[in-house]
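Okay, structure first, notes after.
Read-outs throughout are calculated quantities, based only on the coordinates presented, and are distinct from any laboratory measurement. Given the structure is predicted, the values throughout are model-derived calculations rather than measurements. So basically every Cβ, Gly included, is an ideal-geometry build from the backbone, and we count neighbours across all protein chains shown.
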């Protein structure tokens, strides 16, 4: 089996429109969550989010591209450009046939759906732009990356709600490990901070009106974010042979299904995914120094996740660090695992553990070291990244310092 | 008017619990009736639609929600009556 490494990273999220800026925000424990600036916000009861501010499509794309690129595709393409540039790979030759794109998104072009439903239902128009379908489809971002960078191998998009990115990156890892690709551009993207997108979430009554405070006893729900993070996963021998700068090694992945409830999480399902990732990586639990939590800030997730971690790690659960960066960038839904993988790379590469900000009151049901409010310097060799989706679909990645 | 509120709330809860309205007593808790968190959120939506009111309820803090006490069917009826008075005034 091949070893798999990460040789490039890029991102657009509420904290910054690149990796360096996102790392700086993680170090500072800075929040990117604020008042939403969207049409009809006054008709929403939830008015905060981790919105990408100052986004100017025209600075990046021409008119012909903008009519085809939903906001989630725009974020993806800019993040992919950064990642591929950093990797130093060029897919124009033979490598293009051995490289693909595997992305996660829950909703795809939600803004495009929203705008065009508005046009036909609210404004009574009987005609929509001819590119509505290719703009909103979930695989649009993956396809545009493949076209932009000449990636001609296995390419597709997976949708598993809040675990989409982790499932995508896990599959990319497995494909390179198994030898079916030399490199995969992978990660995820989401942009559903529009009237219809938020209104749908309001209905579940799990959203906070003021802040995302994971693991804090006074947490009162999740806050939505938006953005993308894209990585270049590459065969280790291939990366080494060309002298690439390796950001981290991907060493394990596991996915499980709760087969239980469409919204409530399960401790057993989460624990099986965490333990499965360790087993896949051939790691012992006490080698793990940091876990980037799913940590949504809901009552149900955070206590269930902490219980699952305690079950898997036993006494070591009290020694490892676990933080939720959703407190800073919000819950980027199908893109969230990818944005959160950046915190894992920061921990492995620079020895900085991103904090859980907004933490105010200890919760006995979340009695782990959640790295409250302030980033911490710590040398860690192995990290995990958790994602537990609605529908009971869990996906956990294991990474190692290299 | 209060009786009308009571009857409509009970009808909504009975439908959610798949019970006869006669079997939904004011002292019953939602747990007694077999209504889970998703059923609760759906019932609140039905109440909002039926009375054209907005119910201040966050599923993350049901116990702390003084504005909308969900401890029993009776407390829900009382809370809805209060909201109807406040929001229809």
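Computed on segment B:2-88, with alpha-carbon pairs under 8 angstrom and 6+ residues apart, the relative contact order is 32 percent.
Taken over the alpha carbons of segment A:4-241 as equal point scatterers, the Debye sum produces base-10 log I(q)/I(0) values at 0.13, 0.14, 0.16, 0.17 Å⁻¹ of -0.81, -0.93, -1.16, -1.27. Using a Gaussian network model of chain A with C-alpha springs under 10 Å, which one of A:283, A:346, A:15 is most mobile by mean-square fluctuation? Looking only at A:283, A:346, A:15, the biggest GNM fluctuation is shown by A:283. Think of it as helices only: each DSSP H run of n ≥ 4 in chain A is worth -39500 (n - 2.57), and spread over all residues that comes to -10000 deg cm²/dmol at 222 nm.
Please say if segment A:106-222 is rounded, prolate or oblate, where rounded means a/c under 1.5 for a ≥ b ≥ c the square roots of the C-alpha gyration tensor eigenvalues, and otherwise the choice is prolate for a/b larger than b/c and oblate otherwise? It comes out oblate by the Cα gyration axes.
Need the C-alpha centroid separation for segment A:1-74 versus segment A:231-293, integer Å. Computed from Cα coordinates, the inter-centre distance equals 24 Å.
Based on DSSP, what percent of beta bridges with both residues in segment A:4-241 are antiparallel, to the nearest 5?
Working: 19 of 31 bridges.
Looking only at bridges with both residues in segment A:4-241, the antiparallel portion is about 60 percent.
Its Cα gyration tensor gives segment A:362-402 an equivalent ellipsoid, and the semi-axes of that ellipsoid, as √(5λ) in whole Å with the largest first, are 22, 20, 8.
Of all DSSP beta bridges in chain A, what percent run antiparallel (nearest 5)?
Details: 40 of 62 bridges.
Roughly 65 percent of the DSSP beta bridges within chain A come out antiparallel.
Inter-label distance, residue B:21 to residue A:117: 3.3 nm, where each label sits 7 Å from its Cα along the C-beta direction.
Quick one: if you take sqrt(5λ) for each eigenvalue of the C-alpha gyration tensor of segment A:1-78, what semi-axes come out, biggest first, whole angstrom? Numbers along the way, then the final one.
Numbers: eigenvalues 138, 87, 29 Å².
Over the Cα atoms of segment A:1-78, the ellipsoid semi-axes are 26, 21, 12 Å.
A straight line joining the Cα centroids of segment B:1-63 and segment A:316-370 runs 37 Å.
So what is the relative contact order of chain A, in percent, for Cα pairs below 8 Å that sit 6 or more residues apart? Relative contact order for chain A comes out at 24 percent. Sorted into 5 angstrom bins from 0, the C-alpha pair distances of segment A:249-400 split as 2, 11, 22, 25, 23, 14, 4, 1 percent. Just to be sure I understand the curve: with the Debye formula and one point per C-alpha of the protein assembly as shown, what is log10 I(q)/I(0) at q = 0.07, 0.11 Å⁻¹? For the protein assembly as shown, the Cα-only Debye profile gives -0.38, -0.89. Cα-based values for segment A:321-380, radius of gyration first and Dmax second, are 11.7, 32 Å. Its Kirkwood hydrodynamic radius, worked out from the mean inverse distance over all distinct Cα pairs, puts segment A:66-128 at 14.5 Å.
Each listed q (0.14, 0.22 Å⁻¹) maps to a log10 I(q)/I(0) for segment B:2-88 from the Debye sum over equal C-alpha point scatterers, namely -0.41, -1.09.
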